[in-house]
Structure formats: structure tokens, C-alpha cells
Amino acid sequence: MTFPSDHRASRQSRKAPFAVSFEFFPPKTDVMEERFWESIHKLAPLHPRFVSVTYGAGGSTRERTLRMVSQIKAETGVDAAAHLTCVGATKAEVDQVVHAYKTAGIKRIVALRGDPPGGVGQPFVQHPGGYANAAELVAGIRKIGDFDISVAAYPERHPQSPNWDVELDNLKRKLDAGASRAITQMFFDNNYYLELLERAAKAGITAPIVPGIQPIHSFRQISGFAAKCGATIPGWMAERFDGLEDDPETHALVASAVAAEQVLELVDNGVTQFHFLTLNRSNLVLALARLLGVRPD
Ligand code: FAD
């Protein structure tokens, strides 16, 4: 019989190889920038594999993303990864951004197709002269330099993939074009992710598929994001947060319990790499890293 304390000990004994990475978005205002740097400086001492900075819809944050990744690398020494999308730009314009990353010494790119300007539900229309999808973008980046490239994977399938064969073919194309790993869309039911791993293995995909973990800083906000990107909010989770809109303390405690449960269940299933979506906040992520035995120096 296994007692809970044995269970904890066995998780602890598996702590050595955990690797974490953190995702941020480029801040829009001075106040947001202050919080961004505060969080970066709290999380950098955990020696993440990399810190990534997203690319605003339609390339709207091109300069800010470049500035942030360059500064992260310069100020903390942590490897920074710049997200990049194909939306609203010709291949030459996207290539120019890749050259700018290269010149700035950025060696990692998260290569994405991006969403159409009208939102996720709208059909994606390739920009005239632009890259058609993430697989093409990966191939384009490869021609410019020896970047470490990550691509997106979807535990619940991309909303535009009609079935799993199409989904997995596309993931395989992106990896075969030169990406080293996939990072997943947020998910809250671990079964979706574990099933994706099984499906990918059956399809001959051997690259790591790193889970994207979204701590729930605000259930209302995250539910909105989840609906937009096709991630299911399980009924049990909605119930746990129900009625906590005006009770931030209990909300925060429930959020950390929910995230801890998710991460530790993945550890029990052999997962050793985690990509945390920080929303530029450090507190919950610091606690989750600590559960994995990942601590500052
Ligand atoms: P793709 O892999 O190109 O696929 C999109 C869809 O098109 C899939 O359904 C695929 O099956 C289909 N498809 C692709 N090629 C073909 C083809 N030749 N024929 C038929 N169908 C095809 N968005 C941002 O704007 N900025 C970000 O910084 C950002 N970061 C993200 C980070 C992660 C980890 C994730 C998971 C998503 C991120 N996104 C970001 C969102 C992403 O841009 C959207 O999910 C987008 O809708 C799809 O991008 P993709 O790279 O997965 O596209």
C-alpha cells in the first residue's frame, strides 16, 4: 500500500531533471513594464531553460518583443526566446525581424502562424507574399540562421484542424521543417495532454511536447482566454472558483491548489519539462517551481 508521504517522497526523488521555461508578454505601459521586470528578476534566478516573449496579434508588438528579449538576455543572462507570427507581413518583412533577432544575439524563436486579425473564429488569410503557416515559417527561419525553434501543439486540437490526422500531420511538418520542440496551448484537464503525447508517439513524433501551464490568476480572465483559443474549462474547475470574484485571498489559494494539482499529476505521469504562462506575474509560478524542486541559487 502507498501512503501519501511515500507519494511525496517519490515526487521529490524525481526532482533533479525538471526543466522550466517562462512565457511573458511585452508590456504596454510604464506600470506594466515595472511589473514585467520585477517578475523577470524574481524568476531569472531559477535558471529557466529560456524566457519567451509573445508577439502581439498582427505583429503589433514587433519592436517591443525585440526590445524585451534583447534586454532580458543582456540584464539577466537568461536565454530569451522571441515569438514570431506570419500575420500581416510579407515573407521579406518577417525575415527582416528574424535578421534583427539574429543581430541582437537571440538564438531561440517560437514560430507561429498567428491568428487572423478578426479573431480565432475567422478563417486565416495568408498575407500576399507572406508565409502560409507555421511550417513554412520554420523553414524560412532555418534559412536565415541556426535558431533553436519551438512550435505550438494543441492538446484539444487546433480549432481549424478537422481531425487528429490533420493535426498531427501539421505538427510533424513543423518539427520536420526544423523545430526542436513543441509547446502546448493551455489545458486544464491533463488527460487531453497525456492523450496528445500518446497520439504523437503513434504518429512517429519524437520531439518533446512541453506542457503550457496557465496558472489561474483570475478565473474570469483565464476563462475568456480559454474560450478564445478552444481550451476547455472543466466543470469541476468552474465550480471551485464559483463565487470567488470578490474574495481574492480564497481565489489565490484555490488557484495555487489547482495549479499544484495539475503540475504534480503531470510529474506522476513522467513529465519533466514545463512551460509556465506567467502573464508577467511571478508569485504562483515561483511556488509551482518550488514544488518541482526548482529554486533560486
Ligand atoms: P499552424 O501550425 O500553421 O496551424 C494552424 C492551423 O492550420 C491548424 O489547424 C493546421 O492543421 C492548419 N494548417 C496548417 N498548414 C496547413 C496546410 N498546409 N493545409 C491545411 N491546413 C493547414 N499567437 C500570437 O499571435 N502571438 C504569440 O506570441 C503566440 N504564441 C503562442 C504560443 C504557444 C505555445 C501557442 C500554443 C500558441 C501561440 N499563439 C500566439 C497562438 C497561435 O498563433 C494560434 O493558435 C494560431 O491560430 C495557430 O498558430 P500555429 O503556429 O499553431 O499554426
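The values are calculated or read from the model by the stated rules, or taken from the named source; none is laboratory data. All of these numbers come straight from a predicted model, not from anything done at the bench. No Cβ is skipped: glycine too gets one built from the backbone with ideal geometry, and neighbour counts run over all protein chains shown.
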field: Checklist (1) in a loop (DSSP other than H, G, I, E, B); (2) over 19 Å from the mean Cα position of the chain (by Cα); (3) within 30 Å of Pro159 (Cβ to Cβ) applied to Pro48, failing item
entry: (2)
field: Within the stretch 75-85, considering residues that are within 16 Å of the ligand (Cβ to nearest atom) and not in a loop (DSSP other than H, G, I, E, B), the one nearest to Gly58 (Cα to Cα)
entry: Leu84
- prompt: Which of the residues that make up the stretch 38-72 are away from the ligand (no atom under 16 Å from the Cβ) and free of Cβ contacts under 8 Å to residues at least 12 places away in the same chain?
  reply: Gln71
field: Flag if Arg220 is charged (D, E, K, R), touching a residue at least 24 places away in the same chain (Cβ under 8 Å) and under 30 Å from Gln122 (Cα atoms)
entry: yes
- prompt: How about the stretch 98-111: which of its residues are within 22 Å of the chain's Cα centre (by Cα) and either in a strand (DSSP E or B) or of a type outside the set (A, V, I, L, M) (or both)?
  reply: Tyr101, Lys102, Gly105, Lys107, Arg108, Ile109, Val110, Ala111
- request: State yes or no: is Arg240 touching a residue at least 12 places away in the same chain (Cβ under 8 Å), basic (Lys, Arg) and not in a loop (DSSP other than H, G, I, E, B)?
  value: yes
task: Looking only at the stretch 156-166, decide whether some residue is away from the ligand (no atom under 12 Å from the Cβ), over 28 Å from Leu264 (Cα atoms) and at pLDDT 95 or above.
output: no
From the options Arg113, Arg108, residue that is over 15 Å from Ala57 (Cα atoms) and either near the ligand (Cβ under 9 Å from one of its atoms) or surrounded by 13 or more Cβ atoms within 10 Å (Cβ to Cβ) (or both): Arg108
- prompt: So which residues in the stretch 137-155 are of a type outside the set (S, T, N, Q), out of contact with any helix residue (DSSP H, G or I) (no Cβ under 9 Å at 6 or more places or on another chain) and within 15 Å of the ligand (Cβ to nearest atom)?
  reply: Ala139, Asp148
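Yes/no per residue for (1) surrounded by fewer than 21 Cβ atoms within 10 Å (Cβ to Cβ); (2) touching a residue at least 24 places away in the same chain (Cβ under 8 Å); (3) more than 19 Å from the chain's Cα centre (by Cα); (4) within 28 Å of Phe36 (Cα to Cα):
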| residue | (1), (2), (3), (4) |
| --- | --- |
| Tyr192 | yes, yes, no, no |
| Arg199 | yes, yes, yes, no |
| Ala207 | yes, yes, no, no |
| Val210 | no, yes, no, yes |
| Ile216 | no, yes, no, yes |
| Ser256 | yes, yes, no, yes |
| Arg295 | yes, yes, yes, yes |
Gln71 more than 18 Å from the chain's Cα centre (by Cα), farther than 30 Å from His41 by Cβ and surrounded by fewer than 17 Cβ atoms within 10 Å (Cβ to Cβ): no
field: Those residues of the stretch 51-74 which are among the β-branched types (Val, Ile, Thr), modelled with pLDDT under 95 and not in a helix (DSSP H, G or I), in sequence order
entry: Thr61
task: Looking for whichever is surrounded by 14 or more Cβ atoms within 10 Å (Cβ to Cβ), more than 10 Å from the ligand (Cβ to nearest atom) and polar (S, T, N, Q) here; the options are Thr184, Thr232. Which one fits?
output: Thr232
query: Quick check: anything in the stretch 86-94 under 17 Å from Tyr131 (Cβ atoms), of a type in the set (Val, Ile, Thr), in a loop (DSSP other than H, G, I, E, B) and within 16 Å of the ligand (Cβ to nearest atom)?
result: yes
- request: Count, please, the residues in the stretch 193-205 that happen to be over 16 Å from Asp169 (Cα atoms) and either modelled with pLDDT under 95 or in contact with a strand residue (DSSP E or B) (Cβ under 9 Å, 6 or more places away or on another chain) (or both).
  value: 1
query: Do the conditions hold for Ala134, that is, is it within 8 Å of the ligand (Cβ to nearest atom) and at pLDDT 95 or above?
result: yes
